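These notes concern the structure reproduced below.
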Amino acid sequence: MPFLIDDIISAQKELDRFRSTFHKHKNSVDHERFIFPFLCGSYFTYRKIDVERIASIAKTVSKDPTYLDIGCGYGDFLEKVRQYLPNAEGMEKSAEMFFKLGRYKPDYIKIGDAYNEIEKKYDVIFVGWMEPGVDYRDKIAKKTEVIITTFDKGGQCGINGGCEFEGFGYERVASWITPSWIDVNTELMNRYYSKISDETVKSLSELRGAHNLWYVYSKPKYKEGIKEKLRRQEKNQVDLPYPHEKILDECGFEVGELLRVSPSSQSSPGLWKINFDI
């Protein structure tokens with residue numbers, strides 16, 4: 001269910017307390033996005049490489065693509081996408097989260113319910129959040145050529161999964177894995193804000209298993225073009241990564257790291273490594 005405004009106000013107070021307590025920590029600003037993801041970041045972990053992939057996919061569909069981020073929150077990820085796709089828009093269900101905290105709501109974020117209020121077609125729709133128990137995949141499928149979705153391994157989706165779109169006229173093109181913000185949060189707290197030993201921190205890091213899954217779906221006509229764009233994009237070195245990426249590297253979530261799903265299983269494909277569907 002959506003956050004209640006009282007919960008959001010309480011979280012803001014905790015953020016203020018964190019800032020006053022740890023303001024001298026050299027990396028505290030970058031830590032905030034993982035410790036307070038709703039207020040300072042997003043509930044999925046991303047790098048610049050993710051944003052560039054999305055931009056490449058969108059420009060396969062159109063030279064001047066339209067783009068909608070559903071459940072965009074305060075627009076942290078959307079803001080990064082707009083550096084590549086200036087006309088990108090967002091949709092957020094809660095108006096209170098802006099106005100009760102005095103947050104500025106940019107014009108490119110619309111307050112609305114994705115179930116009934118996607119008013120036009122977009123070249124790409126990004127689904128970064130779908131409330132548990134809600135399934136509006138049929139609504140999204142009528143409004144776009146390409147769908148990109150990210151969800152956690154534990155099933156942060158709507159009813160009946162709510163994350164996959166093969167049954168709605170799309171084919172899955174590609175996927176990749178990023179670390180769960182929960183694992184990043186835990187590593188940060190253990191390393192910098194607790195008094196446990198380095199040996200214990202290392203042993204706890206070996207218990208990681210949560211991760212986010214990113215899926216790319218498209219209408220069949222765009223499938224091969226998207227694959228080609230992603231292959232070319234993957235070969236290019238990212239210039240000037242985002243500042244918060246150094247936190248991911250310090251915590252052991254480098255690009256290509258093998259993420260063990262469980263102690264008894266084999267390692268998963270490397271983080272951010274693209275897997276292409278046949």
Do we find that S20 is in contact with a helix residue (DSSP H, G or I) (Cβ under 6 Å, 6 or more places away or on another chain) and hydroxyl-bearing (S, T, Y) in this structure? no
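Residue by residue, here is whether (1) under 29 Å from R53 (Cβ atoms); (2) of a type outside the set (G, A, S); (3) modelled with pLDDT of 85 or more holds:
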residue	(1), (2), (3)
C157	yes, yes, no
Y170	yes, yes, yes
L188	yes, yes, yes
I196	no, yes, no
Count of residues meeting criterion [touching an Asp or Glu at 6+ places or on another chain (Cβ under 7 Å) and closer than 16 Å to N87 by Cα] in region 102-123: 4
In region 19-42, which residues are buried (at least 19 other Cβ atoms within 10 Å of the Cβ) and closer than 25 Å to G256 by Cβ? D30, H31, R33, F34, P37, G41, S42
List the number of the failed condition for K105; all other conditions in (1) surrounded by 16 or more Cβ atoms within 10 Å (Cβ to Cβ); (2) among the basic types (K, R); (3) part of a helix (DSSP H, G or I) hold. (3)
Per the list (1) out of contact with any strand residue (DSSP E or B) (no Cβ under 6 Å at 6 or more places or on another chain); (2) touching a residue at least 24 places away in the same chain (Cβ under 8 Å); (3) hydrophobic (A, V, I, L, M, F, W, C), residue check on F18 breaks on (2)
For region 53-88, give me each residue that is of a type in the set (D, E) and crowded, with 20+ Cβ neighbours inside 10 Å. D69
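Looking at the structure I just gave you, is Y46 part of a loop (DSSP other than H, G, I, E, B), buried (at least 19 other Cβ atoms within 10 Å of the Cβ) and out of contact with any Cys (no Cβ under 6 Å at 6 or more places or on another chain)?
On the way: part of a loop (DSSP other than H, G, I, E, B): yes; buried (at least 19 other Cβ atoms within 10 Å of the Cβ): yes; out of contact with any Cys (no Cβ under 6 Å at 6 or more places or on another chain): yes.
Here the answer is yes, as Y46 does meet what is asked.
Rundown of residues vs (1) at pLDDT 80 or above; (2) more than 19 Å from K93 (Cβ to Cβ), yes/no style:
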{"site": "A114", "(1), (2)": "yes, no"}
{"site": "K120", "(1), (2)": "yes, no"}
{"site": "M130", "(1), (2)": "no, no"}
{"site": "R137", "(1), (2)": "yes, no"}
{"site": "G154", "(1), (2)": "no, yes"}
{"site": "G167", "(1), (2)": "no, yes"}
Selection count where residues are outside any helix (DSSP H, G or I) and of a type in the set (D, E), scope region 49-102: 4
Any chance R208 is within 21 Å of F36 (Cα to Cα) and modelled with pLDDT under 70: yes
Of all residues in region 238-253, which are under 19 Å from the mean Cα position of the chain (by Cα) and either modelled with pLDDT under 90 or surrounded by 14 or more Cβ atoms within 10 Å (Cβ to Cβ) (or both)? V238, P241, Y242, H244, E245, I247, L248, C251, G252, F253
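The values are calculated or read from the model by the stated rules, or taken from the named source; none is laboratory data. Given the structure is predicted, the values throughout are model-derived calculations rather than measurements. With ideal geometry, Cβ positions are generated from the backbone for all residues, glycine too; neighbour counts draw on all protein chains shown.
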